[in-house]
């Protein structure tokens, strides 16, 4: 399949992006993709393919479906590379960084708590062994 193609089937996209057809239909159900229909067959445009790339990128970056939808709507409704569009994306990136930083702090605290619990268990086992 060529990137120059003007339309794609669900099978072509699922194969290209290593997704199930069900995943692609899920994105359609959430309003992220809107293929044309010919009978029961879905016909995806180049724009749908680009949107799928952006959806997958957003997922890799940890964005929720709602956040991805918001970014796609921004992409749809503003001029490409507009200042507003770029500022909104930067804001979303900053929010995601804050969330990840908090998760890292939470994980570090949990590791300390696990270390303490492990030490108490090991000490208790050692105490039982000396009885």
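Mind listing just one residue for me: the one in the stretch 41-58 that is surrounded by 15 or more Cβ atoms within 10 Å (Cβ to Cβ) and more than 17 Å from residue 76 (Cβ to Cβ) and, of those, modelled with the highest pLDDT?
The selected residue is 56.
For the stretch 28-36, check the following and say yes or no: at least one residue is modelled with pLDDT of 90 or more, under 30 Å from residue 97 (Cβ atoms), out of contact with any strand residue (DSSP E or B) (no Cβ under 9 Å at 6 or more places or on another chain) and surrounded by 12 or more Cβ atoms within 10 Å (Cβ to Cβ).
Taking every residue of the stretch 28-36 in turn, at least one turns out to be modelled with pLDDT of 90 or more, under 30 Å from residue 97 (Cβ atoms), out of contact with any strand residue (DSSP E or B) (no Cβ under 9 Å at 6 or more places or on another chain) and surrounded by 12 or more Cβ atoms within 10 Å (Cβ to Cβ).
The values are calculated or read from the model by the stated rules, or taken from the named source; none is laboratory data. Model, not experiment: these values are computed from the prediction. Virtual Cβ from ideal backbone geometry, glycine too; neighbours counted across all protein chains shown.
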